[in-house]
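Trainee: Please find one structure pasted underneath; my questions will follow.
The values are calculated or read from the model by the stated rules, or taken from the named source; none is laboratory data. Just so we're clear, the structure is a prediction, and the values are computed from it rather than from any experiment. As a convention, Cβ positions derive from the backbone with ideal geometry for all residues, glycine included, and neighbour counts pool all protein chains shown.
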Amino acid sequence: MRQSQGLIAILDALGAATYNDKEITLFLKSRELVLELLHRKADAREVRGDLDVSRVTTFTFNDTVLIVYRTTDAPVPHDVEHFCQLVRKFQVDSLAQGILFRGAISIGHFYVDDASNTVMGTAVTDAAAWYDSADWVGIHTTPHATLVIESLFPRGTDKLDHLLVEYSVPLKDNRSVTLKAVNWPKAFVVKGLMPVGAGEDPRAKCLELLTKHRVPRGTESKHFNSLKFFDYCIDRWNREQRVRK
C-alpha cells in the first residue's frame, strides 16, 4: 500500500439497514447510477480545472460509500473547492434517486490499495469517527478538517460559502457543534445543479425527495433537522440576491 494525502468523504445511506428486498434492489441500482454520475461530474471541464480525475476513487461497503481524492502535496484551497463540488453533486444526485446520505469529510494522510479495494489511515479514522454522528441528512467536515479549511480560507472570505457554510450541526446525542457543512440546498435554486420543474417550489421539491421513504418513529428529527438546514441555506442565498440587486 502507498501513502497518500488528500480529502476523504465517508457517507452512509440512512435507513438502508431496514430496506426490504425490493428497496435493496432499487438502492443498489440507484447507488450505481449516482456513482456513475459522480465520475461524469469529476470529468466535467467546469469542475475539473487542474484536478487530475485519476486521483478520484470510490469505495463501497454495503450501504457506505467512500469518496477519495488524492493530492500530490498537502491539500490547497482549490483541492478543497473541487472536492466539495464533487461531494455536493453526489449528495444532490443521491437525493434525486431517493438515497439519503449522511457523512463526514476529513483531510490528511491515508493508505490506498486499489487492487484489494482497501483504504486506511489517519484521515479515514477521522472521517469514520464522525460520519454517522450527525442527526440529519447532510455532510459536514470533521473538527480537524474544519480547522484545516479555516487555515486555508481565513475568516472574512466567502469564497467557499456556495459550497461550505459554517453551521451548528445537530448531533445524535442532542448536542451540536459548529463545523463546515456542504451547501447542498443551493442546488435547488441554481440552474444546472438540480432540475426543479417550471413553477415547482424548491422547498416542496426538497420535501418530496426527503420523504420518498417512510420515516420510522425515532428518526423524524433527521428529516426536520435537514429541512431546517435547507431553510437556513436558502435564506442566506435570498439575502445575497437582494444585496446584489
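Trainee: Out of all the residues in the range 100-114, is one or more buried (at least 22 other Cβ atoms within 10 Å of the Cβ) and not in a strand (DSSP E or B)?
Mentor: Checking the range 100-114: at least one residue is buried (at least 22 other Cβ atoms within 10 Å of the Cβ) and not in a strand (DSSP E or B).
Trainee: Still on this structure: Could you tell me whether Val182 is in contact with a His (Cβ under 9 Å, 6 or more places away or on another chain), without any contact (Cβ under 8 Å) to a residue 40 or more places away in the chain and surrounded by 14 or more Cβ atoms within 10 Å (Cβ to Cβ)?
Mentor: no
Trainee: Right, another one. Given the criteria surrounded by fewer than 15 Cβ atoms within 10 Å (Cβ to Cβ), among the β-branched types (Val, Ile, Thr) and either modelled with pLDDT under 85 or in a helix (DSSP H, G or I) (or both), does Val196 qualify?
Mentor: No, not satisfied.
Trainee: Could you tell me which residue of the range 39-68 is surrounded by the most Cβ atoms within 10 Å (Cβ to Cβ), considering only residues that are in a loop (DSSP other than H, G, I, E, B) and at pLDDT 60 or above?
Mentor: Taking the candidates together, the pick is Asp63.
Trainee: Could you list, in sequence order, the residues of the range 142-185 that are of a type in the set (Ser, Thr, Tyr), part of a strand (DSSP E or B) and in contact with a helix residue (DSSP H, G or I) (Cβ under 7 Å, 6 or more places away or on another chain)?
Mentor: Tyr167
Trainee: Let me ask you something else. Within the range 115-122, is there a residue that is more than 18 Å from Phe229 (Cα to Cα), touching a residue at least 24 places away in the same chain (Cβ under 8 Å) and small (Gly, Ala, Ser)?
Mentor: Yes - at least one qualifying residue is present in the range 115-122.
Trainee: (1) touching a Lys or Arg at 6+ places or on another chain (Cβ under 7 Å); (2) assigned to a helix (DSSP H, G or I); (3) of a type in the set (Val, Ile, Thr): which one isn't true of Thr125, the others all being true?
Mentor: (1)
Trainee: Now for a different question. Counting only residues that are in a helix (DSSP H, G or I) and either without any contact (Cβ under 8 Å) to a residue 60 or more places away in the chain or in contact with a Ser or Thr (Cβ under 6 Å, 6 or more places away or on another chain) (or both), which one in the range 128-141 is surrounded by the most Cβ atoms within 10 Å (Cβ to Cβ)?
Mentor: It comes out as Trp130.
Trainee: Residues in the range 69-92 that are in contact (Cβ under 8 Å) with a residue 60 or more places away in the chain and part of a helix (DSSP H, G or I): how many?
Mentor: So the answer is 13.
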